[in-house]
Each structure stands twice: as C-alpha cells, then as structure tokens.
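The values are calculated or read from the model by the stated rules, or taken from the named source; none is laboratory data. This one's a predicted model, so the numbers in the text were calculated from it and none came from an experiment. Backbone-built Cβ (ideal geometry, glycine too); neighbour counts: all protein chains shown. These accessible areas exclude ligands, DNA and RNA; they are computed on the full protein's heavy atoms, side chains included. Shrake-Rupley method; radii C 1.70, N 1.55, O 1.52, S 1.80 Å.
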Amino acid sequence: MRPLETSDPASIGSYRILAELGRGGMGRVFLGSSPDGRLVAVKQVRAQFAEDDGFRARFRREVAASRRVSGGYTAAVIDADPDAQVPWLASEFVVGPSLLEAIEAVGPLPEASTLRLAAGMAAALADVHRAGLMHRDLKPPNVLLTGDGVRVIDFGIARAADEPGGTQLTHTGWLVGTPSYMSPEQAESRPLTPAGDIFSLGCVLVMACTGASPFAAPTAAQTLYRIVHSQADLSSISGRLRAIIGPCLAKDPADRPTPARLLESVGRVAPSLQPWPEPIHQLIAAQRAEVARFIKDPKAPSTLVFLPHDDGRSPVDAPEEKAPGRPSNAPIAIGAGAVVLVGVLLAFILMFHDSGDGRHAANASGASLTPSTPSSSPSSPGPSPSRLGGLDLQSWCRHVGQGDLALTGNNVYGWHCHTPKGEDTDIDTNAVCRYQYGDPNASSSFTDVDNPYSWYCFS
C-alpha cells in the first residue's frame with residue numbers, strides 16, 4: 001500500500017481514493033471508499049487500452065459475466081464503468097493473506113485446514129461454474145484465507161463458457177494461466193471446460209499440504225511437460241487427502257469430479273470461529289491493523305512484512321521495513337489487504353508461446369532481472385541469510401528515471417521499467433535491494449519462478 005501522489009485521481013466514479021494498492025502492465029489498483037464508507041478495491045486500466053474499442057467490448061462483457069457469480073466463497077463486483085474515459089471496476093476489499101503468503105510465512109497446512117480449504121475452493125468453483133464461467137487461473141495467490149474461511153479471487157482471465165462464437169481473448173498459439181497450476185488441456189492449448197479448474201484445484205491442494213506444486217520444474221516448458229505426461233507424487237500426503245486430490249489430477253477431464261462431487265468427498269467441515277492455525281490469524285490481524293493505520297494516516301509507510309516460516313519469528317513481530325516501504329508490485333491480494341477483482345481482463349496475465357523455454361518467451365521485451373541465490377544449501381558456510389522483505393520495483397524505476405514499472409509475462413522475469421518513450425529497460429534486482437534497504441550486502445532472490453510477485457531481498 002502506497003500513499004497517493006499529486007498526479008493520482010482523488011476519486012474514481014463515486015469512490016474516494018485513499019491509497020494505491022498496486023500496479024502492473026494492464027492498470028493500477030487503488031484502495032477506495034464508497035459514499036457509505038465501505039472499503040473497495042478500484043482497478044483502473046491504463047489509458048492506452050481505453051483507446052481500443054475491442055478492449056472496451058471485452059471489458060464490458062466480462063464485467064457483465066462476473067456479476068452473475070454470487071456466493072460466500074467468491075466476491076462480488078460492486079460497480080464498474082466500461083464507458084468511462086478510462087474504464088474502471090470496483091470490487092470488494094477483503095483482509096486476509098493469500099494461500100501463497102500463508103504457506104511462505106507459516107509452512108504447509110495441517111490435514112484439517114487443507115480439508116477446509118478444499119471445501120471452500122470447491123464451493124467457490126460451484127458458484128463460478130453455475131454462472132457459466134471458468135476461472136482458468138486458480139492458484140495459491142488467488143485463494144485468500146480470511147477470518148471466516150476461503151475466498152477465491154481474480155477472475156481476470158475468466159470468460160463466459162456458454163458464449164458461442166465469443167471473441168477469443170488470447171492470441172492463437174499462446175497460453176493463459178500459471179504453468180504450475182494449469183490443466184493438461186490448458187497446457188496443450190486444447191478447448192477448456194470447467195473440469196480444468198478442478199485440476200488446478202488439485203494442484204493447489206498439493207501445494208497447501210506440501211509447500212510445492214506437484215508438477216513444478218526449473219522451466220515453464222518442463223513444468224508443462226510434467227503436467228501433460230507425468231503422474232503427481234502424492235506419497236507424502238495423508239490417505240484421506242490423497243483420496244480427494246487424486247481424482248482431481250486425472251489427465252482426462254471426464255474423470256475429474258465436479259465441485260458438488262468434490263464437496264461430497266470432503267464431507268461436512270466442523271464450524272469454527274478460528275478456521276485456520278493461529279499463525280495465519282496473526283497474519284490476518286496484522287493486515288487488518290495495517291489497513292486501519294493507513295486509513296487513519298494515508299501518508300504512513302507500510303510496515304507489514306511476511307517472513308518465511310523457518311525464520312523463527314511470528315509475522316506480527318517483524319521489524320519495520322526500511323524506506324521506501326511495501327513494494328508496489330506485491331501481490332494485490334496480499335499485504336495491506338486482499339484486492340478482490342472478479343470477472344475482468346485486468347489481471348496481470350501470463351502469455352508465453354508453447355514452444356521453448358517460457359522464461360525467455362516471457363522476457364522477450366529484453367528485461368533482465370538478476371537474482372542471487374541465498375545460502376540455502378546445507379553445505380553453505382556462515383550464518384543463514386536474513387530476509388529483508390519485498391522489492392519496490394516501481395520506486396526503483398522512478399529512482400533511476402526510467403518511468404513506470406510494467407509486467408510483460410507472469411513469471412519473475414517479466415518485470416521491466418517502461419520509459420515515457422515506450423522503451424523497456426533492464427532491472428538489476430540486486431541493486432534494487434541495496435537501494436531499498438540501505439544495505440550494501442543486500443541481494444535478491446525469489447521463491448517461485450512462475451510467480452512474478454515472489455521476489456524478495458536478503459542479506
């Protein structure tokens with residue numbers, strides 16, 4: 001969460017803008033308040049997209065489709081104006097870490113929590129599919145763990161499944177989604193059905209209880225190959241969870257359960273006022289405090305830091321980050337709160353060709369991010385590195401006079417600075433860490449090559 005700049009809008013539609021939550025290649029997201037005081041997330045597209053009549057038509061159709069989704073496990077679009085000079089969308093603002101942040105902070109979930117997660121995601125997909133939509137990018141950053149359960153968010157690449165002859169929203173020969181959580185048919189660019197979301201759900205459940213995707217590989221191309229041709233190793237997962245996850249990962253879409261059948265397999269989940277392990281509720285409380293503090297003083301810097309689960313400290317005990325504060329490119333669904341963006345083509349979309357190494361295809365713009373490797377090897381001498389926090393790549397682009405941050409592909413190599421002249425420039429992430437934290441020994445690394453928001457600094 002970042003303070004507003006003088007050039008930022010004071011209002012969008014009827015919503016007063018309080019702060020910036022994030023930005024990317026497609027637009028910016030703001031924290032806003034409605035006339036009745038409700039907090040909302042307002043996403044405004046970049047001006048150049050507003051000049052594209054085709055984009056406006058797709059935007060309008062996706063907003064209309066997303067409003068058909070209802071239920072307690074997704075989040076509603078509150079308002080939108082596809083015909084505004086710069087189109088925008090307002091949706092619910094929910095406090096709660098994403099599953100990815102929770103796993104990175106406290107480690108894998110126990111069996112009972114994973115069952116609760118499975119039930120929540122299945123119920124959410126039932127709502128989505130009932131509305132004639134497919135999510136198509138279900139992954140840990142798009143699953144929120146809130147104080148009352150699960151929310152599935154970011155239908156940015158959803159499309160109406162019942163729309164015959166609809167406009168193709170992606171280019172022929174390109175893939176849309178996140179490699180580690182794609183279905184086999186998605187990986188091969190075959191026609192999609194709602195069963196693809198069930199495969200992704202199975203992958204998310206494996207990550208929730210093991211800490212890793214079942215098909216993750218060093219490159220996107222290798223990951224896609226494993227998804228299509230390899231069987232997931234579920235040997236470390238409890239028998240009850242294997243019985244639920246295994247059918248979801250069937251290669252043939254016809255062999256996967258429906259959301260309703262999946263809910264039957266999970267069974268009734270016991271009610272609880274505290275549905276998650278205590279450390280996750282500490283994360284929720286810390287985020288809520290961050291939001292409250294920022295609303296009280298919009299110019300206050302962000303202090304929320306997520307720590308790896310083996311750091312030995314509770315997330316709420318994390319030290320304040322050094323200037324300039326929380327990175328603007330942090331996951332929109334994380335940090336000061338969860339941005340619930342349902343049903344529009346405004347997600348930071350992964351597009352890479354289905355041949356070759358996805359890493360290089362996503363980085364075709366010429367951006368060069370230069371990570372270091374923390375001393376994670378057991379044989380590495382010396383003390384363990386200290387995690388400093390996320391990278392504020394947006395501030396770096398402005399610091400070096402290279403314009404705004406832009407994302408061209410949904411992996412860690414997709415970031416670059418985009419100059420006012422339309423040029424893309426490289427980003428030295430090690431230099432960003434040294435500048436941001438004032439530490440000459442700081443370096444950068446990431447936790448998941450397929451997640452562009454997984455960069456962090458260490459020393």
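Below is a table of values for the structure above.
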item	result
Qualifying residue in segment 77-98 (condition: open to solvent by 10 Å² or more (accessible area, probe 1.4 Å), assigned to a helix (DSSP H, G or I) and not charged (D, E, K, R))	no
Any chance Ala362 is surrounded by 19 or more Cβ atoms within 10 Å (Cβ to Cβ), over 23 Å from Leu21 (Cβ atoms), at pLDDT 60 or above and not hydroxyl-bearing (Ser, Thr, Tyr)	no
Subset of segment 143-155 (residues that are surrounded by 23 or more Cβ atoms within 10 Å (Cβ to Cβ) and either more than 23 Å from Ser265 (Cα to Cα) or small (Gly, Ala, Ser) (or both))	Ile153, Asp154, Phe155
Hey, Ala64 out of contact with any helix residue (DSSP H, G or I) (no Cβ under 9 Å at 6 or more places or on another chain), among the aliphatic types (A, V, I, L, M) and free of Cβ contacts under 8 Å to residues at least 12 places away in the same chain or not	yes
Total residues in segment 188-202, condition buried (at least 24 other Cβ atoms within 10 Å of the Cβ) and either farther than 22 Å from Ala243 by Cβ or charged (D, E, K, R) (or both)	1
Pairs where the first residue, in segment 256-278, is open to solvent by 20 Å² or more (accessible area, probe 1.4 Å) and the second is of a type in the set (D, E, K, R) and not in a loop (DSSP other than H, G, I, E, B), C-beta under 7 Å, 6+ apart	Val269/Arg116
Any chance Ser235 is free of Cβ contacts under 8 Å to residues at least 24 places away in the same chain and surrounded by 17 or more Cβ atoms within 10 Å (Cβ to Cβ)	no
Odd one out for Thr74, checked against (1) at pLDDT 85 or above; (2) open to solvent by less than 40 Å² (accessible area, probe 1.4 Å); (3) within 18 Å of Leu133 (Cβ to Cβ)	(1)
Selection count, segment 31-55, where residues are of a type outside the set (Ser, Thr, Tyr) and over 24 Å from Val128 (Cβ atoms)	15
Criterion: farther than 21 Å from Thr146 by Cα and modelled with pLDDT of 95 or more - qualifying residue of Asp233, Asp252, Asp297	Asp252
Unmet requirement for Ala65, which otherwise passes all of (1) over 24 Å from Ala126 (Cβ atoms); (2) modelled with pLDDT under 90	(1)
